[in-house]
Every structure is written in structure tokens, then in C-alpha cells.
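Accompanying notes for the structure given below.
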Amino acid sequence: MSAQSKEQRCVSLSQLADLRLLREHAYIDGRWCSADNLQAIEVTNPFDGSFIGTVPNMGISETRTAIAAAKKALPTWAALLPQERANALKRWHDLLIENKEDLALLMTLEQGKPITESRGEIDYAASFIEFYAEEAKRMNVENITSHLPGRNMSVKREPIGVTAAVTPWNFPCAMITRKAAAALAAGCTMIVRPATETPFSATALAELAERAGIPAGVFNIITGDPTPVVGELCGNPIVRALSFTGSTEVGRLLLSQGAQTIKKMSMELGGHAPFILFDDVDVDEAVTHAINAKFATSGQDCLAANRIFVQSGIYDEFLDKYAKAIAELRVGNGIEEHVEIGPLMHDRAVGKCEEHVADARAKGARVLTGGKKMGGLFYAPTLLADVTSDMQIYREETFGPVAPVMAFEFEQDVINQANDSEYGLAAYLFTKDHDRANRVSNALEYGMVALNCVKITGAPIPFGGVKQSGLGREGSRHGLEEFTELKYVCAAFKQ
Ligand code: NAD
């Protein structure tokens, strides 16, 4: 810890009702591991740079220790009845809900997102634990009608074994529970390596897992630089499955690292969601939807509406109303109840907004509101009109509060433009025309389509993308497939 950091300890930490939820340790084999001889990683509040705490910068040898612990814990955990695993998971779920205020505060302090969004994320994170506690009891597969005489043929689902999760900073709790709840429910053990920026949401989850009685070695948190830790998780043959959420670029790298051990890899990667408004929609409602779809998590969301296509008949009216609504968004410290847009995660994120806006301006886009830094890690909520396909923002995720809008004339044109992307995570479509809604949603090359709505996520749905947005699904009964293997048993009997 630097002298300057010590002086600037984040004052809001004093609002935690349960100070033991701030764990400045990794959690391996049921033990809280401190930095000791290791370098410590400092974690700061993106709102003001104040110091929150440190976690140990672990490396390859500590990662191997965590893998060995998960391997040791596996047989006993896998052998429990699903109901017994479900009981532990339900206690974990209940503890998340009981400690929602503290968990939300920790999240806002290390991540910056508005406190109301953090509370929503804790509910969302807890819902995966509850869902999979139930779902584990129903991992039924099938009996097969035999094609051979004197055989009974059956298929069952078995836990894949030791698993790993590598998660991003934009949803520091939910991206962990979406993976861990499914893995643990299925009978797997897991090592989680949270994002460097947001380890305390992860260690608080481990503290609550311990209180819930989840046995040592079943759920482990390892902190440290990504290259050695994640490299070992990807390369170690004991780890049978790795689930990653993050950028497509890093996902590609991890896929290649996992190839050596033929690891089962699931990938929740970047998105570049088209948001399509046909001119039969109610423009005021569309503005509200476009605010929610673009500016949640201050624009740092894989589901963010990144290319807003508006049919020409309502283009000007939409721009006018959208610009006013964006200008009214309240920007500030996420722990203040009224704040709607918090700081971005780091300088790189602010730089990306600046770069995309400058490039779009130079190529003819109009800035109707925002378009500038606001000091610290804040970037003003921004509306860019007349965006075209040669602009950087048309191809790349901005991951910030910049909304790019463009006009279209015909249905087929907007389908072509919406699909003109390497990404295929989510798409939004608004129209009152039933036939058009069906035609367009069928034609969209996306894993998830939101038709006349914005909120589509939740534990019961299969979340995931096509093309370079990922592999596999999280949530729903399909989420168990990432952490299980099918076993076929063919039993002969005398006729
Ligand atoms: P990122 O890819 O930079 O980092 C994700 C994780 O990988 C972090 O834990 C990070 O520390 C680690 N990492 C980074 N570089 C690594 C390396 N060289 N080797 C091993 N590990 C490495 O992504 P981010 O900036 O944390 O998150 C934003 C991205 O995540 C966006 O692209 C967003 O769309 C995507 N995302 C996708 C989903 C989804 O469900 N599809 C959800 C949230 C975020």
C-alpha cells in the first residue's frame, strides 16, 4: 500500500454493516490466504481513486494449490445427493439476500455502478444460486429404445470435475454465480479468478459460501495477475472445464491455451447489439427503452445497444427526444441514490470513448449532447447522430456512455446492417407489425432477441451469443451442460 493510498482510504467503507465482508485475501481450500511474501494488488474506487484494500498477487504455484484443493474436495461433493448440495446453495442464496446492502455497497465502491444497479445485481446473482439449487434435482436425461437385443440403454449426466471461472469487472457478482451455481449444483468444484479491478465482490461471495457451509475446496477464489493464474487454469489437465466471461480478444487467447488439454471451454464474450426502431413505434416509449438499453452499467454492458437503427420516418423526432433524455441523466458518485451514471472503470475506458467520438466526428457524425470528458473517470453521456459503417464505433464495442444512432429506410437494409458484425450476442427490435417482428427476429443472427422490450435476462433463460460472441449458454437448464458430461450405460440382460 502506498503512503498516498493509505491517506485516501475510502471513507464509505465505514457504512458496511458487516466489516468481515471485506476480505483482503484469496480463499483456497477453506483458508483465507494473505499476501505474505507476495506482492499485493491495490484496489481503488473509480469514483475518486480512494483506496479500498489489497488482495494477494498470486501466481502459478498458488493456482496449483487451489486446483489440488478443488480436486481433493471433488469426490465428496460430487457424491452428495443433489438435495444436500441444494441445501448448501440455498443457504448461500439466503445469505446474499440478507447481506444485499453490504454487497451492493462493496460493488459500487470497487466498480462504480449506481447503487440501485448494484442492488439489482445482487438479486440477479442470488437468483442463479436459487435456480440451480432446484435444477440440480432434475438432471434427468433419457432412456434409449434399444436397437440391440437384450440391452437396457440409459444416459445420465455426471459432473465434469474440477472447473474454473474467469470473470469480468462489469458484473462482479453475477458473472461468478451464473457459473459457480451451475457448477456446484452439478457436483463440480470450482476455482474462480475474478477481474483484477473487482476482487472484493468475489471474496465477499466466498465469505458467505463459507458461512453457508459449502465445504473447503469446493469454491475457491484466487487473485493475481491474469497471465500466470489464468494461464495455469487453462493449461492444467486437472481442470476439465473453464468458463470465461470477457472480451472476444481474451476469449480467443484462452481458447488456444485450453486446446492443449482439450478442455471444455464456455465463452461469454463481447456484444455489439443492434437496436432497431421501425417507424410504427411510440417514440416516447422507444426513448425510455433506448436509455435503459444503452446506459445501464454506465454503458459498460455486453448487452448495451451499440448501434441504434431508426427508420427515417421517426429519425428526427427520436433524436430530439433521445438527446434531451440523455442530457438529463444524473452523473456522479454511484453510492448516491439518485445517480444514474457512474464513473468508468479505468483510463482506458475513457480513452476509448474519446477515440470513438473523435473518429465519428471526423467522419461526419453530429454530437447532439455530451461528447467530452467530465474529469476523473467520467465521460459525459453522449448522443452521436448520422453514424455510418466506416466509423470505428460501428464495428467496435465502446463500453461507455456513447449512443450511436443512424437512419434506415427498408427492412432488408436494416437486417443486413444489424448482421454486419462479428458479434452475435443480443439484438433489440421494436415494431407493432406482427409479421415484420417475426420476419426480422428470424433473420437476426443473434443468440438472444428482445422484441418490444429491453429486460430479457434472468436465471431461467439461456444467455449466450453466436458468431464471435461466444460458445455455450449460461442460465436455464442448458447452463448445466457446460459443467456436465453425458454417460451412456448399455446393460446386457439374459432374455
Ligand atoms: P477482459 O477480456 O479484458 O477481461 C475479462 C477477464 O479476463 C478478467 O478477469 C481479466 O483480468 C482477464 N484477462 C484479461 N487479459 C487476460 C489475459 N491476457 N490472459 C488471461 N486473462 C486475462 O474483459 P473486461 O474488460 O473485464 O470485460 C468487458 C468485456 O466482457 C466486454 O467485451 C463485454 O462485452 C464482455 N462481457 C460479456 C458478457 C457476456 O455474458 N457475454 C458479460 C459481461 C461482459
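For the reader, a short list of remarks on this structure follows.
- Residues satisfying the criterion are absent from segment 281-288 (criterion: open to solvent by 10 Å² or more (accessible area, probe 1.4 Å), among the charged types (D, E, K, R) and not assigned by TED's automatic domain parsing to the domain that holds VAL350).
- In segment 246-264, of all residues being within 25 Å of ALA73 (Cβ to Cβ) and hydrophobic (A, V, I, L, M, F, W, C), the one that is most open to solvent (accessible area, probe 1.4 Å) corresponds to ILE262.
- Criterion: surrounded by fewer than 18 Cβ atoms within 10 Å (Cβ to Cβ), not basic (Lys, Arg) and not in a strand (DSSP E or B) - qualifying residue of ALA349, ALA323, ALA358: ALA358
- Pairs are defined by a Cβ separation below 8 Å, a sequence spacing of at least 6 or placement on different chains, a first member in segment 331-358 that is under 17 Å from MET391 (Cβ atoms), and a second member that is of a type in the set (Phe, Trp, Tyr); the pairs so defined are LYS352/PHE399; CYS353/TYR379; GLU354/TYR379.
- Flag if ASN306 is at negative phi, over 15 Å from the mean Cα position of the chain (by Cα) and within 14 Å of the ligand (Cβ to nearest atom): yes
- Residue list for segment 254-275, restricted to those being more than 8 Å from the ligand (Cβ to nearest atom), part of a loop (DSSP other than H, G, I, E, B) and not charged (D, E, K, R): ILE262, HIS272
- Residue within segment 213-229 that is assigned to a helix (DSSP H, G or I), free of Cβ contacts under 8 Å to residues at least 60 places away in the same chain and surrounded by fewer than 18 Cβ atoms within 10 Å (Cβ to Cβ) present: yes
- Within segment 375-401, if we keep just the residues that are surrounded by fewer than 20 Cβ atoms within 10 Å (Cβ to Cβ) and touching a residue at least 12 places away in the same chain (Cβ under 8 Å), the residue that is nearest to ARG330 (Cα to Cα) turns out to be GLY376.
- Within segment 131-144, the presence of a residue that is within 16 Å of the ligand (Cβ to nearest atom), surrounded by 24 or more Cβ atoms within 10 Å (Cβ to Cβ) and of a type outside the set (D, E, K, R) is excluded.
- The set of residues in segment 233-245 being surrounded by 22 or more Cβ atoms within 10 Å (Cβ to Cβ) and either more than 15 Å from the ligand (Cβ to nearest atom) or under 19 Å from PRO168 (Cβ atoms) (or both) consists of LEU233, CYS234, ALA241, LEU242, SER243, PHE244, THR245.
- Breaking point among (1) open to solvent by 20 Å² or more (accessible area, probe 1.4 Å); (2) more than 14 Å from the ligand (Cβ to nearest atom); (3) in contact (Cβ under 8 Å) with a residue 60 or more places away in the chain; (4) not assigned by TED's automatic domain parsing to the domain that holds ALA195, for ALA296: (2)
- Wholly within segment 122-181, strands (runs of 3 or more DSSP E) carrying at least 3 residues that are in contact (Cβ under 8 Å) with a residue 24 or more places away in the chain: 151-159, 162-166
- The residues of segment 154-187 that are open to solvent by less than 10 Å² (accessible area, probe 1.4 Å) and closer than 25 Å to CYS490 by Cα, listed by number, are GLY161, ALA186, GLY187.
- Of the helices (runs of 4 or more DSSP H) lying entirely inside segment 1-116, those containing at least 3 residues that are out of contact with any helix residue (DSSP H, G or I) (no Cβ under 7 Å at 6 or more places or on another chain) and open to solvent by less than 70 Å² (accessible area, probe 1.4 Å) are 60-79.
- Residues that are basic (Lys, Arg) and within 25 Å of the chain's Cα centre (by Cα) do occur in segment 96-112.
- Restricting segment 410-454 to residues that are farther than 17 Å from SER469 by Cβ and touching a Phe, Trp or Tyr at 6+ places or on another chain (Cβ under 6 Å), the residue that is surrounded by the fewest Cβ atoms within 10 Å (Cβ to Cβ): ASN452
The values are calculated or read from the model by the stated rules, or taken from the named source; none is laboratory data. A quick note: this is a predicted structure, and the numbers were derived from the prediction, not measured. Reconstructed Cβ throughout: ideal geometry from the backbone, glycine too, with neighbour counts over all protein chains shown. Ligands, DNA and RNA are excluded from the accessible area calculation, which covers all protein heavy atoms including side chains. Shrake-Rupley method; radii C 1.70, N 1.55, O 1.52, S 1.80 Å.
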